[in-house]
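Participant: Let me begin by handing over the structure; questions about it come next.
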Amino acid sequence: MYLSSSKDGGEGRVKVTCLQENLAHGLGVVGRGVSSRGSLPILGNVLLRTDSGRLRLTATNLEVGINCWVPAKVEDEGAITVPAKLFIDFVNSLPPGNVELSLNVRTKTVHIKAGPYEANIKGLDAEEFPIIPQIPDKPTTRMAQGTLRRMISEVAFVAATDDSRPVLTGVLTTFAGEMITMAAADPYRLSVRHARLLDRVDPPIEVIVPAKSLFEVARIVGDSDDATVDILVTPNKSQVIFHTDEADLVSRIIEGQFPNYRQVIPTTSNTKIVAQREELLKATRLASYFARDAANMLRFQVDPSSDPPLVISANAAEVGDNTGRVDATVEGQPTTIAFNSRFVADALSSLSAPEIALELGGPLAPGVVRIVGDDSYLHVVMPLRIPA
């Protein structure tokens, strides 16, 4: 693609060249930040701007702003915004290879050429686009990209989707010393994960980041712990920025007081189950097909003296029933407890560890999921009352 600025017949022109696959990837990153609401037409556009020999793509819905840098041959500096859906659909449908973009400054039109295909797209002035802050030279801290991605996948899914309590739609994120802690909760479950930072944070900083924003962060960071992500919390704690070499994301911070989640974490248990995560997840999913016709109720019958000691079952009066026997190591007292099948499956599928522990305090006490050999994670799920 081309975006550069030269003079042609007295009209300012900008021209840039890049590969279709790079441009499509960049648009895929920022496209999730495009506003789907029609309050401000400019928010339905993507900003194209040349930036130090690269093409910078930007989109925002005023909740989240995303920048992505695409390798490009830049002949001159320039900027324009174009309708996001049209531009993304067109670029995604182009064949691999070079894409040339040229901007006619006077008519605010972007000309696209790729092999035998050409198009002209009308744009809007870049000056009308909201300013998206970028991270300064010194971030608040840094951490491994893969670690951050895993934290988000293990925690953020718990956040509430109901806006009636806005703080619960976010993830409480605490930077303290060399550690970061993420915690998310809804009325029925809680997930907490700790990880190590690469730069100390003193004094501690605590913010509530929208879970939706963190899901987008997980899309721009990689799986490797060799690459790092810079994190900046603005001094007034109104925004947080996540920055990689390829992209960055700016998110608003949710105002309010996050509940004291530590109060709901059980301190003791009467029964401990250790099992292979995949086997437990398989039994849970099979039973869930029947549980969905029975208020999603999944029964865990635990008896250390039985072989196997764990039976997972679901019974729907008008559909049928299912029983799964799971090999496990059980310590403590026999018990029967019921959980929401979706909540159990969500917790188990968010993890990658081979072995997990389930700690139970009785039929009406919260259950705690932990990773065997790793005390940096826990998940609390509330039980269901079993009908008499």
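Participant: List every residue pair whose Cβ atoms lie under 6 Å apart, where the two residues are 6 or more positions apart in sequence or sit on different chains, the first residue falls within region 288-304 and is assigned to a loop (DSSP other than H, G, I, E, B), and the second residue, located anywhere, is hydroxyl-bearing (Ser, Thr, Tyr) and surrounded by 16 or more Cβ atoms within 10 Å (Cβ to Cβ).
Facilitator: Pairs that qualify, where the first residue is assigned to a loop (DSSP other than H, G, I, E, B) and the partner is hydroxyl-bearing (Ser, Thr, Tyr) and surrounded by 16 or more Cβ atoms within 10 Å (Cβ to Cβ), are ASN296/SER341.
Participant: Something else about it: Which of the residues spanning region 242-297 are surrounded by 15 or more Cβ atoms within 10 Å (Cβ to Cβ) and of a type in the set (Ser, Thr, Tyr)?
Facilitator: Answer for region 242-297, where residues must be surrounded by 15 or more Cβ atoms within 10 Å (Cβ to Cβ) and of a type in the set (Ser, Thr, Tyr): THR244, SER251, TYR261, SER269, THR271, THR284, SER288.
Participant: Let me ask another. Looking at region 215-248 only, could you name the residues that are out of contact with any Pro (no Cβ under 8 Å at 6 or more places or on another chain), farther than 21 Å from THR161 by Cα and outside any loop (DSSP other than H, G, I, E, B)?
Facilitator: Answer for region 215-248, where residues must be out of contact with any Pro (no Cβ under 8 Å at 6 or more places or on another chain), farther than 21 Å from THR161 by Cα and outside any loop (DSSP other than H, G, I, E, B): ILE220, THR228, VAL229, VAL233, PHE242, ALA247, ASP248.
Participant: Still on this structure, I have one more. Looking at LEU351, LEU360, LEU310 in this structure, which one is out of contact with any Ser or Thr (no Cβ under 8 Å at 6 or more places or on another chain) and buried (at least 21 other Cβ atoms within 10 Å of the Cβ)?
Facilitator: When all the criteria are applied, what remains is LEU310.
Participant: Restricting to region 25-41, what's the tally of residues that are at pLDDT 95 or above and surrounded by fewer than 18 Cβ atoms within 10 Å (Cβ to Cβ)?
Facilitator: 2
Participant: With the structure loaded, tell me whether ASP89 is surrounded by fewer than 19 Cβ atoms within 10 Å (Cβ to Cβ), at pLDDT 95 or above and within 30 Å of ILE241 (Cβ to Cβ) or whether it fails that test.
Facilitator: Details: surrounded by fewer than 19 Cβ atoms within 10 Å (Cβ to Cβ): yes; at pLDDT 95 or above: yes; within 30 Å of ILE241 (Cβ to Cβ): yes.
Here the answer is yes, as ASP89 does meet what is asked.
Participant: In addition: For region 84-91, does any single residue satisfy the condition of being of a type outside the set (A, V, I, L, M), outside any helix (DSSP H, G or I) and not assigned by TED's automatic domain parsing to the domain that holds VAL240?
Facilitator: no
Participant: Moving to a separate point now. Can you spot a residue in region 49-56 that is touching a strand residue (DSSP E or B) at 6+ places or on another chain (Cβ under 7 Å), surrounded by 24 or more Cβ atoms within 10 Å (Cβ to Cβ) and assigned to a strand (DSSP E or B)?
Facilitator: Yes, region 49-56 contains at least one residue that is touching a strand residue (DSSP E or B) at 6+ places or on another chain (Cβ under 7 Å), surrounded by 24 or more Cβ atoms within 10 Å (Cβ to Cβ) and assigned to a strand (DSSP E or B).
Participant: Would region 57-79 turn up any residue that is part of a helix (DSSP H, G or I), of a type in the set (Gly, Ala, Ser), modelled with pLDDT of 95 or more and out of contact with any Ser or Thr (no Cβ under 7 Å at 6 or more places or on another chain)?
Facilitator: no
Participant: Looking at region 319-388, what strands (runs of 3 or more DSSP E) fall wholly within it and have at least 1 residues that are under 30 Å from LEU148 (Cβ atoms) and out of contact with any helix residue (DSSP H, G or I) (no Cβ under 6 Å at 6 or more places or on another chain)?
Facilitator: Output list reads 335-340, 355-360, 367-371, 374-381.
Participant: Further question on the same structure: Can you find, within region 191-214, the residue that is farthest from LYS138 (Cα to Cα) among those that are touching a helix residue (DSSP H, G or I) at 6+ places or on another chain (Cβ under 6 Å) and in a helix (DSSP H, G or I)?
Facilitator: That would be ALA211.
Participant: Moving on. Quick check: anything in region 165-173 modelled with pLDDT under 95, farther than 13 Å from VAL192 by Cβ and assigned by TED's automatic domain parsing to the domain that holds ALA218?
Facilitator: Here is the first cut: in region 165-173, the ones modelled with pLDDT under 95 are 165.
Now narrow it down to the ones that are farther than 13 Å from VAL192 by Cβ: 165.
With the extra rule that they be assigned by TED's automatic domain parsing to the domain that holds ALA218, the set shrinks to 165.
There is at least one residue in region 165-173 that is modelled with pLDDT under 95, farther than 13 Å from VAL192 by Cβ and assigned by TED's automatic domain parsing to the domain that holds ALA218.
Participant: What number of residues within region 314-337 satisfy the criterion of being within 13 Å of SER288 (Cβ to Cβ) and within 32 Å of the chain's Cα centre (by Cα)?
Facilitator: 1
Participant: Looking at ASN120, ASN61, which is the one that is under 21 Å from SER251 (Cα atoms) and either surrounded by fewer than 23 Cβ atoms within 10 Å (Cβ to Cβ) or aliphatic (A, V, I, L, M) (or both)?
Facilitator: The unique qualifying residue is ASN61.
The values are calculated or read from the model by the stated rules, or taken from the named source; none is laboratory data. Only a predicted model underlies this, so the values are computations on that prediction, with no experimental measurement involved. Here the Cβ is made from the backbone with ideal geometry for all residues, glycine too, and neighbour counts use every protein chain on show.
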